[in-house]
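As structure tokens, the structure follows; a few thoughts come after it.
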Amino acid sequence: MNKRFEDKVVIITGAGSGLGRATALQLAQEGARLALVDLNRASLDESKAVILQKSPEAEVLVVTADVSDVQAVQQYVKETVAAYGKIDGFFNNAGIEGKQNPTAEYGIDEFQKVVGINLNGVFYGMKYVLEVMKKQGFGAIVNTASVGGIRGVGNQTGYAASKHGVVGLTRNSGVEYGQYGISIKAIAPGAIMTPMVEASLKQIGGDQWEAAGQQFVSVNPMKRFGKPEEVAHLVAFLLSDEAAFINAVVIPIDGGQSYKY
Ligand SMILES: NC(=O)c1ccc[n+]([C@@H]2O[C@H](COP(=O)([O-])OP(=O)(O)OC[C@H]3O[C@@H](n4cnc5c(N)ncnc54)[C@H](O)[C@@H]3O)[C@@H](O)[C@H]2O)c1
């Protein structure tokens, strides 16, 4: 196993499930010292247990926090620096899909909730992590956008607004902070089979959600869902020194779906 993260400190939000957990596992195997953040304590503890099973020597700090709460964000950054003294990498990933509805029927509270987590939460994370990284003079940030952040998908008003916002933050901040030795990039995953996608398919297909899933991926050039581990490999590369000159860009990982006519 490549050990690109030996002695490197990485914060991962949304680390209790899906893409966050898969990335935590990958980075731990490569030697990273981790700070795992999630709203859900039980799932965080489970992520830690799974990591320690595979990488018994891993250092894993868990912090329960709501990324839409500014003070909670300041707190997870502070706890990470107190424990490890620096931040090399930040996977700014926690997010929710929200209810699926066309715009006129989209709830105002729902919109605010989705934007509060997916966009404000990503901004707060960048704001306080960048303070630390600027002082250090190094660091890499990967924000989780989505195909819904670079294309119109439909029925995803809050999600689309928030993820397009994440793309904007990434480009803007990447341009600002490159001069300090910091790179900032976003990933735009297509449909990756995680608990979030499973829940979304259940909203569409009810008991028939697996059939709904098959139909959903039938239009993907690769005719399948992506795997969380495939995203973890991309994020690990983007956070590593190998990708230090990749900055202010959005990288799709979607089997080619977003470029299909
Ligand atoms: N799975 C996909 O197909 C897909 C596609 C594109 C983008 N994404 C994005 O990837 C990210 C991760 O999604 P996933 O599929 O792993 O979902 P998931 O639901 O499996 O995991 C998300 C994690 O984030 C946590 N979380 C939710 N709200 C939070 C909050 N306010 N504060 C802290 N933690 C919170 C949840 O508890 C959960 O553990 C999200 O930003 C999502 O929008 C996923």
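No lab work stands behind these numbers, since they all come straight from the coordinates. These numbers were taken from a predicted model, which means no experiment stands behind them. Here Cβ is always computed from backbone atoms with ideal geometry, including for glycine, and neighbour counts include all displayed protein chains.
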Please identify every one of the GluC sites (Glu not before Pro) in segment 93-191 that sits in a loop by DSSP and has no more than 16 other beta carbons within 10 Å of its own beta carbon. none
Kirkwood hydrodynamic radius, the chain, all distinct C-alpha pairs: what's the number in Å? 18.4 Å
Mind checking the log10 I(q)/I(0) for segment 182-229 at q = 0.16, 0.20, 0.24 Å⁻¹? Debye, one equal scatterer per Cα, no solvent, two decimals. -0.48, -0.68, -0.89
Kindly express, to the nearest 10 degrees and within the range 0 to 90, the angle between helix 41-54's C-alpha long axis and the longest C-alpha principal axis of the chain. 70 degrees
No solvent, one uniform scatterer per C-alpha: report log10 I(q)/I(0) for segment 4-151 via the Debye equation at q = 0.10, 0.13, 0.14, 0.16 1/Å, two decimals. -0.34, -0.56, -0.64, -0.82
Considering the dipole of the chain built from charges on the beta carbon (Lys and Arg +1, Asp and Glu -1) around the Cα centre, which of TRP209, THR80, PHE237 is farthest to its positive end? PHE237
Springs between alpha-carbon pairs under 10 angstrom, Gaussian network model over the chain: which of GLY181, GLY125, GLY158 fluctuates most? GLY181
Using a Gaussian network for the chain with springs between C-alpha atoms less than 10 Å apart, which of these wobbles most: GLN71, GLN100, GLN156? GLN71
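Over the chain, calculate the relative contact order: mean separation of alpha carbon pairs under 8 Å at least 6 apart, over the residue count, as a percent. Mind showing how you got there, number by number?
Details: 533 pairs, mean separation 50.4, N = 261.
Once divided by the residue count of the chain, the mean separation gives 19 percent.
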Where the Cα pairs of segment 45-84 fall when distances are cut into 5 Å bins, in %: 6, 23, 21, 19, 19, 9, 3
Descending principal axes extents, segment 111-215, alpha-carbon based, whole Å: 52, 24, 20
Please state the charge dipole magnitude for the chain, taken about the Cα centre, from unit charges on C-beta atoms (+1 on K and R, -1 on D and E), reported in debye and rounded to the nearest 20. 460 debye
Which residue, ALA49, GLN29, LEU39, has the largest displacement toward the positive end of the dipole of segment 1-152 when charges sit on each Cβ (Lys, Arg +1; Asp, Glu -1)? GLN29
Degrees separating the helix 228-239 axis from the principal Cα axis of the chain, which is the longest one: 40 degrees
For the chain, modelled as a Gaussian network with Cα springs under 10 Å, which listed residue fluctuates most, GLY205, GLY89, GLY148? GLY205
For segment 210-260, run through the chymotrypsin sites (Phe, Trp or Tyr not before Pro) and keep only the ones in DSSP coil with at most 11 other Cβ atoms within 10 Å of their Cβ. PHE245
